[in-house]
Amino acid sequence: MTILTLGLNHNTAPVAIRERLAFPAERLRPALGELVRLPEIEEAAILSTCNRTEFYCGTASANLEKIVDWIAREQHLKREEFHPYLYAHTDEDTIRHMFRVACGLDSMILGEPQILGQMKTAYQTAADAGTLGKTLSKLFHHTFSAAKKVRTDTAIGSSPVSVAFAAVRLAQRIFDTLKEQTAVLIGAGETIELTARHLHEQGIGEIIIANRTLERAHALAAQFNGFAIALSELPKHLAKADILVSSTASQLPILGKGSVESALKTRKHKPMFMVDLAVPRDIEPEVGQLNDVYLYTVDDLRNTIEEGMRSRQEAAKQAEEIIDTEVDHFLAWMRSQGAMMTLLDFRAHAENLRDEALNNALRALKNGKPAEDALRQLASTLTSKIIHIPSTQIKQAGTDERHDLIEAVRELFQLKGNQ
């Protein structure tokens, strides 16, 4: 069996192409069912995220064009619309690719952890759909094991490489624990969503999301067990903010020194940690002059992000070494499966010869042949049948000067004596 990957990602295709090839969750199981109905496909799984769509297949023949045609039909696209953006891997390259993807080495943000969860979802969906066989199932489990080893043995995911991650990491340094803290997030874009996700993962006590569009704030807050307020309500809730992160497209500051001073009085001067991720700034610079405010901007976080990226790049080198080892382990398993199949076929062949010879002997006994003669005939017939094909092949190997094959036979059967 050949294991292959066919796909596209953020490096090979623009978002306009990626979104047209994406599979919504509700379509994955039917699509998998259709994919394994192709004559060449024995096993299949589909990974579909905002940054990549990949098809993992176990196939009797690596006929990529049949899969490309299926994708075109399934997604109602013309081949030429997406074919130039595709990449393909087979066997060892597929194994290495899946390991790297799961470890975040192939991600837009080096070392990001979300992709591992997405790969686990892809595996579970394929398992539920019944489209995984022994090989792909084993490969997915080995992929998860390799990713866990990389996360455990390297610092690939520990250093901040985004402003959202850096902001949360800085908050963790200022507060002993986030479990008793309240975070007020201003805005509802991608940066605020990522900040909310990081805070939620770190066990933040409460999240309040303020946005001009209340519906958008509600939708985002619902993902993280928070609650939403309109931006106009912010002054009433500002005093609750132990942590405040702002990232809007406003051309004018949203928070001034006066409103923060009022909030500090209500808080009895309990410190506030503020991060302004907006350009232009959402928080007036004068707020940073207040004694009980720790105010940081994008520029303040830049050094942290650059250090984090250097750290992850070093960790990525270690991760590649781990992946090399894990790829070798999986290839060894695949080779063992090939040997096992050969062994099973060899045993079945021998048992067929045995049964045939035994049946002949039993018939001879029923027809009155003496038992000793029947046993001698059984032994002679069985020996002849077992050695017939190997003998023919060994003679042919001598004619063809296949000395390697002859040596292999001597080693296999532990033959001694003159050669």
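Can you tell me the FRET efficiency between residue 173 and residue 212 if r is taken as the Cβ-Cβ distance and R0 is 30 Å, rounded to the nearest 0.05? Efficiency for this residue pair is about 0.45.
Cα centroid separation, the stretch 12-31 to the stretch 248-269: 43 Å. Residues whose amide H comes within less than 5 Å of that of residue 297, counting only those at least five positions distant or on another chain, are 276 (H built at 1.01 Å from N in the peptide plane). Cβ crowding within 10 Å ranks 144, 413 as 413, 144, fewest other Cβ atoms first.
Charges only on Cβ, +1 for Lys and Arg, -1 for Asp and Glu: so what's the dipole of the stretch 163-306 about the Cα centre, in debye to the nearest 20?
320
Write down the percent of antiparallel bridges among all DSSP beta bridges whose residues are both part of the chain, to the nearest 5. For the chain, the DSSP antiparallel bridge percentage is about 45. Computed from the C-beta positions of residue 236 and residue 87 and an R0 of 35 Å, the FRET efficiency is 0.10 to the nearest 0.05. Of the residues 1, 119, the one with the fewest other Cβ atoms within 10 Å heads the list, and the complete ranking is 1, 119. Put simply, the amide H of residue 229, placed in the peptide plane, has neighbours under 5 Å in 209, 210, 211, leaving out anything fewer than 5 places away on its chain.
Each label was represented as a point 7 Å from its Cα along the Cα-to-Cβ direction; for residue 379 and residue 348 these points are 3.1 nm apart.
Remark on the stretch 2-153: ratio of C-alpha radius of gyration to 2.2 N^0.38 Å is 0.96.
Rounded to the nearest 20 debye, the dipole magnitude of the chain is 920 debye, with +1 charges on Lys and Arg beta carbons, -1 on Asp and Glu beta carbons, and the Cα centre as origin. Note on the chain: GNM, Cα springs under 10 Å; of 125, 90, 342, the largest mean-square fluctuation is that of 342.
Across the stretch 33-127, the mean sequence separation of Cα contacts (distance under 8 Å, 6 or more residues apart), normalised by length, yields a relative contact order of 24 percent. Stretching the chain fully between residue 15 and residue 336 yields a gain of 111.4 nm (0.36 nm per residue, less the alpha carbon separation).
Couplings for the stretch 225-236, taken from phi via the Karplus curve 6.51 cos²θ - 1.76 cosθ + 1.60 with θ = phi - 60°, read 6, x, 9, 10, 9, 6, 4, 5, 8, 4, x, 6 Hz in order; Gly and Pro are left as x. For the chain, the 222 nm mean residue ellipticity estimated from helices alone, with every DSSP H stretch of n ≥ 4 adding -39500 (n - 2.57) and the total spread over all residues, rounds to -18500 deg cm²/dmol. The residue list 246, 258, 232 was ranked by how far each Cα lies along the charge dipole of the stretch 205-259 toward its positive end, using unit charges on Cβ atoms, and 258 comes out on top. Within the set (i) 25.7; (ii) 32.0; (iii) 21.5, the number that mean projected area of the Cα convex hull in nm² takes when calculated for this structure is listed as (ii). Each of 287, 184 was scored by other Cβ atoms within 10 Å of its Cβ. Listed from fewest to most, they are 287, 184.
Computed from label points 7 Å out along Cα-Cβ, the spacing between residue 227 and residue 291 is 3.3 nm. Helices meeting the span-like rule in the chain (full DSSP H runs, Cα extent of at least 18 Å along the helix axis, mean Kyte-Doolittle score of -1.0 or higher): 114-129, 134-153, 298-366, 371-399.
We did not get these values from a lab; they are worked out from the coordinates using the rules stated. A quick note: this is a predicted structure, and the numbers were derived from the prediction, not measured. Methodologically, a virtual Cβ is constructed for each residue, glycine included, from the backbone with ideal geometry; neighbour enumeration extends over all protein chains shown.
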